Amino acid sequence: MGFFSKIKQGLTKTKDSLSNGITSIVNSFTKIDEEFFEELEEILVMSDIGVETSEFICGELRKKVKENGVTDPTEIKKLLNKTISEMMGETKPLVLDTKPSMILVIGVNGVGKTTSIGKLSAILKSQGKKVVLGAADTFRAAAIEQLSEWANRAGVDLVKSVDGTDPASVVYDTIASAKAKNADVIICDTAGRLHNKKNLMEELAKINRVINRELPESSIETLLVLDASTGQNAVNQAKEFMNVTNITGIILTKLDGTAKGGIIISIQKQLGIPVKFVGVGEGIEDLLPFDAEEFADGIIDTEN
Ligand SMILES: Nc1nc2c(ncn2[C@@H]2O[C@H](COP(=O)(O)OP(=O)(O)OP(=O)(O)O)[C@@H](O)[C@H]2O)c(=O)[nH]1
Ligand SMILES: [Mg+2]
């Protein structure tokens with residue numbers, strides 16, 4: 001299956017819920033008026049696009065409707081598709097300009113960090129890059145094992161220690177190993193759960209200090225993993241992490257299992273952090289680079 005159809009398939013639930021709502025108002029209105037916009041806004045909010053972002057989208061739509069002299073409600077899907085695609089903007093690829101470059105993967109427990117690292121390793125390896133993984137989620141032995149399995153599956157190297165080891169020291173060892181091997185990219189997994197949130201944030205700060213000290217001139221990506229099915233909660237998680245670290249991109253996982261895919265729009269608009277990848281399944285090939293146009297086509301079917 002090609003990238004495009006995979007994204008489309010992953011967004012089916014979101015699209016169905018949005019489409020049903022939009023089709024029903026398109027059928028019950030004969031012209032585009034204020035009442036039409038009010039109902040449309042409600043449908044957008046229900047698709048987890050968020051109140052603020054839905055208001056913004058409707059504002060943009062009002063402008064487009066006026067500029068183009070559109071009166072027929074059936075035209076709204078095309079305009080909505082265009083508005084969303086414009087809002088999401090250009091695709092922002094990973095910046096991995098140095099050798100080695102660092103990708104630190106963070107997020108609360110269960111969102112899909114380890115799985116996404118496995119998938120991302122496979123993508124980078126297929127681009128000819130030498131990848132070294134660091135198992136810096138030392139909170140549970142099972143976490144280290146899970147990352148080892150992904151390293152095997154993707155065919156990349158892994159640096160690990162026993163559980164309970166200081167995660168920052170695992171990051172240090174991983175960087176040293178990557179330098180010795182002349183690797184291109186380091187990807188470090190981190191714990192999503194510690195004894196409490198304060199610990200988690202302090203640990204992250206410590207890891208960042210090691211990275212900045214050991215790789216002062218390197219490209220550093222800090223990717224926050226968010227689970228799409230948690231809807232607006234994901235935005236709140238992002239805000240908490242933004243307080244303690246410089247997030248350079250988002251991986252939005254589990255789009256396949258949810259009708260809340262609209263959350264992407266909210267995340268990018270409200271937080272100004274680019275969504276770089278989306279997860280659409282549990283397999284190694286189920287991580288896709290994010291593309292605004294494909295996304296807009298995936299959630300709003302302009303054909304019917
Ligand atoms: N359907 C679906 N499942 C996913 C996706 N990404 C991850 N998962 C599943 O989500 C579950 C949790 O994934 P992990 O990668 O272990 O999550 P984590 O963030 O590393 O979790 P902790 O290490 O406990 O913090 C696993 O069962 C994954 O297979 C996705 O894009 N789609
Ligand atoms: Mg994990």
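Computed values, structure above
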quantity	calculated
Evaluation of Gln232 against (1) of a type outside the set (A, V, I, L, M, F, W, C); (2) within 22 Å of Gly118 (Cα to Cα); (3) surrounded by fewer than 22 Cβ atoms within 10 Å (Cβ to Cβ); (4) under 19 Å from the mean Cα position of the chain (by Cα) (one fails), failing number	(2)
Which listed residue is more than 27 Å from Glu149 (Cα to Cα) and not hydrophobic (A, V, I, L, M, F, W, C), from Glu294, Glu282	Glu294
Every residue from segment 87-134 that is touching a Cys at 6+ places or on another chain (Cβ under 8 Å) and aliphatic (A, V, I, L, M)	Met102, Ile103, Leu104, Val105, Leu133
Evaluation of Leu224 against (1) within 16 Å of ligand 1 (Cβ to nearest atom); (2) part of a helix (DSSP H, G or I); (3) in contact with a Phe, Trp or Tyr (Cβ under 7 Å, 6 or more places away or on another chain); (4) of a type outside the set (D, E, K, R) (one fails), failing number	(2)
Unique match (being without any contact (Cβ under 8 Å) to a residue 60 or more places away in the chain and in contact with a strand residue (DSSP E or B) (Cβ under 9 Å, 6 or more places away or on another chain)) among Ile144, Ile123	Ile144
Set Leu200, Leu204, Leu224, Leu252: member being in contact with a Ser or Thr (Cβ under 8 Å, 6 or more places away or on another chain) and either of a type outside the set (Val, Ile, Thr) or under 23 Å from Met102 (Cα atoms) (or both)	Leu204
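Read the figures in this text as sums done on the coordinates, not as results from a lab. Keep in mind that this is a model prediction, so the values were computed, not measured. All Cβ positions, even for glycine, are placed from backbone atoms using ideal geometry, and neighbour counts span all protein chains on display.
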